[in-house]
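Undergrad: Pasting a structure below so you can have a look.
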Amino acid sequence: MNKIGLILLLAIVYGCSLSKQNVTIEIETIPVAVNDMLANASSFIGKIEIIPLETNDSSLTQIGKKVIYNREMDMYALYTRDQIVFTFTGDGRFIANSKNMQGQGPQEYNMALDIKFNPDLKGVDLLDPYGLIYTYSPSFNLISKKKVKSEFVLNKFMALSPTYYVFTYPTLWAGEEVLFVNMDTKVTKNVRYSGTISLNSMDRECFHKVGNNFYFIPPGINYYFYRVDEQEMKLTPIMYLDFGDAEIKDEDLPGRAIEERVDSDKERKKLADEVDKRWNAVRESDYIYPLIKFFNDDYVYVYLVQGDKRPGNTFIFNRKSKESFLTKDKKPIMFPPCFAMVDNVLLSICEPEEVPVSVDTSLMSLENIDKMKQLKEDDNPVILKYYLK
């Protein structure tokens, strides 16, 4: 099925499901031009700032698996491969780490597969694979501990309210599904989505909050963004990344992506082999695909990679002016992968030695240039702030 047919089918399916409510579904199309590079960074970036994260014996860390920021709390959290969480203020001052809370005690977590800020509780949520959610203060005092019943292990999540969460499963177990759990009403619901062409091996964010609304951006190679309807417990496609002739077609790839659940270990093993075959074909090819995706009211951000080549390229689309910006082959600058966007500010992170090649000093103040010159190789990572025009 071609991409126009798929968009129309999704709109018809969701439109029919909502016809009784007289709701019109519109899917915004974002044209992703994978070759239209701009000549200089200043054509789309107004200024660049850096925030070195405080370095001391307790705060010393590497970038690790995940970095998150919350504007309401004005706080960063870094989640390492050792499943330790480090918290920093918005200006980079160290707050605490979770080392003393990792263990077997009643207030301690043993394993954390994902972390999210919980601004309602003024803390950080940690999710273990068996449905335990630990909420700690930024200094890692336990605020609450909740248990979610699930037929499978869980791996990604977000709080829709203090007692209402949405989760993803490992896709080999449940396919394209998310789980809604309202702890007050005891209502749970598995909801399907579609559009996944291939999984990938990268661990990226998939639940986002923009303004007062929640969104789901599927993991893997999927060109659709979904709105999370917490009232109806459903997902609605609202945005489509149009790669034109560069779009990867399902029928052009060996193996298969995740579609439906499988019930036996034998079927799951067969499916895993097929999924690996497909992902390896993508990784060993010249296909250009979206690895990181998020958006806000004004911009769409996509981190593009080609096969297994790194670093990738950054694509930014202005939803109001309809203009786009693309870096390619580290030009006009080498954008590290970004992890969040706050208004017109893209947030990224890199090691101290990578800062000079990730910025354009003509867009930096003398104060920020001086900060960059004072960085040492063994310092903590540095937050990069790119102010879009």
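Rule-based calculations on the coordinates, nothing more; no lab input. Values in this document were obtained by computation on a predicted structure and should not be read as measured data. For neighbour counting, all protein chains shown are included, and Cβ atoms are generated from backbone atoms with ideal geometry for every residue, glycine included.
Undergrad: Can you show me the helix-derived [θ] at 222 nm for the chain, built from DSSP H runs with n ≥ 4 at -39,500 (n - 2.57) apiece and divided by the number of residues, rounded to the nearest 500.
TA: -3500 deg cm²/dmol
Undergrad: For the chain, with the dipole built from +1 on Lys and Arg beta-carbon atoms and -1 on Asp and Glu ones, taken about the Cα centre, which of Phe44, Tyr223, Ile333 lies farthest toward the positive end?
TA: Tyr223
Undergrad: Using the alpha carbon gyration tensor of segment 118-169, what are the three equivalent-ellipsoid semi-axes (square root of 5 times each eigenvalue), largest first, in whole Å?
TA: Calculated on Cα positions only, the semi-axes equal 19, 11, 9 Å.
Undergrad: Extending each Cα 7 Å along its Cβ direction at Asp286 and Asp229, get the distance between those two points in nm, one decimal.
TA: 4.3
Undergrad: Whose amide H sits under 5 Å from the amide H of Ile258, counting only residues 5 or more places off or on another chain, with H placed in the peptide plane?
TA: Residues meeting the amide H criterion: Leu199.
Undergrad: Here is a further query. Among Val124, Asn182, Phe167, which residue has its Cα positioned farthest towards the positive end of the charge dipole of the chain, with +1 placed on the Cβ of Lys and Arg, -1 on the Cβ of Asp and Glu, and the dipole taken about the Cα centre?
TA: Asn182
Undergrad: Using a simple spin-label model with points 7 Å from Cα along the Cα→Cβ vector, what separation in nm is obtained for Asp276 and Asp242?
TA: 3.9
Undergrad: On the principal axes of its Cα set, how long, how wide and how thick is segment 300-379? Give whole Å, largest value first.
TA: 38, 31, 21
Undergrad: Ok, one more. If you bin the C-alpha pair distances of the chain every 10 Å from 0, what whole percents do you get?
TA: In order of increasing distance, the bins hold 5, 22, 32, 28, 13, 2, 0 percent.
Undergrad: Determine, from the Cβ-Cβ distance of Ser161 and Ser139 and an R0 of 35 Å, the FRET efficiency 1/(1 + (r/R0)^6), rounded to the nearest 0.05. Before the final figure, lay out each step's value.
TA: Details: r = 24 Å, r/R0 = 0.68.
Once rounded, the FRET efficiency stands at 0.90.
Undergrad: In addition: Please give the length that would be gained between Lys322 and Lys189 if that part of the chain were fully extended, namely 0.36 nm times their separation in residues minus their C-alpha to C-alpha distance (nm, one decimal).
TA: Extending this stretch completely gives an extra 44.2 nm.
Undergrad: Here is a follow-up. Taking 7 Å along the Cα-to-C-beta vector as the label spot, tell me the Asp57-Asp265 distance in nanometres, rounded to one decimal.
TA: With each label placed 7 Å out from Cα toward Cβ, I get 4.8 nm.
Undergrad: Same structure again: Once each part is reduced to its C-alpha centroid, what is the distance from segment 290-326 to segment 229-256 in angstrom?
TA: Cα centres, segment 290-326 to segment 229-256: 16 Å.
Undergrad: Related question: Starting from the Kirkwood Rh over alpha-carbon pairs, what translational D in µm² s⁻¹ does segment 232-389 have by Stokes-Einstein at 4 °C and 1.567 mPa s?
TA: 70
Undergrad: Taking the Cα centre of segment 274-389 as origin, work out the dipole magnitude from +1 charges on Lys and Arg Cβ and -1 charges on Asp and Glu Cβ, in debye rounded to 20.
TA: Dipole size: approximately 480 debye.
Undergrad: Residue farthest toward the positive end of the dipole of segment 83-175, with Cβ of Lys/Arg at +1 and Asp/Glu at -1: which of Met101, Ser144, Ala112?
TA: Ser144
Undergrad: Search the structure for amide H atoms under 5 Å from the amide H of Ile95, placed 1.01 Å from N in the peptide plane, and list their residues when 5 or more places away or on another chain.
TA: Long-range HN contacts for Ile95: Thr87, Phe88, Thr89.
Undergrad: Further question on the same structure: Along segment 73-87, what does the Karplus equation 6.51 cos²θ - 1.76 cosθ + 1.60 (θ = phi - 60°) give for ³J(HN,Hα), rounded to whole Hz, x for Gly and Pro?
TA: For segment 73-87, the Karplus curve yields 8, 6, 8, 10, 9, 10, 10, 8, 5, 8, 6, 9, 10, 10, 10 Hz.
Undergrad: Another one. Per 0.36 nm of contour for each residue apart, how much would the distance between Asp120 and Val357 grow if the chain were fully extended, relative to their Cα-Cα spacing?
TA: Here the answer is 81.5 nm.
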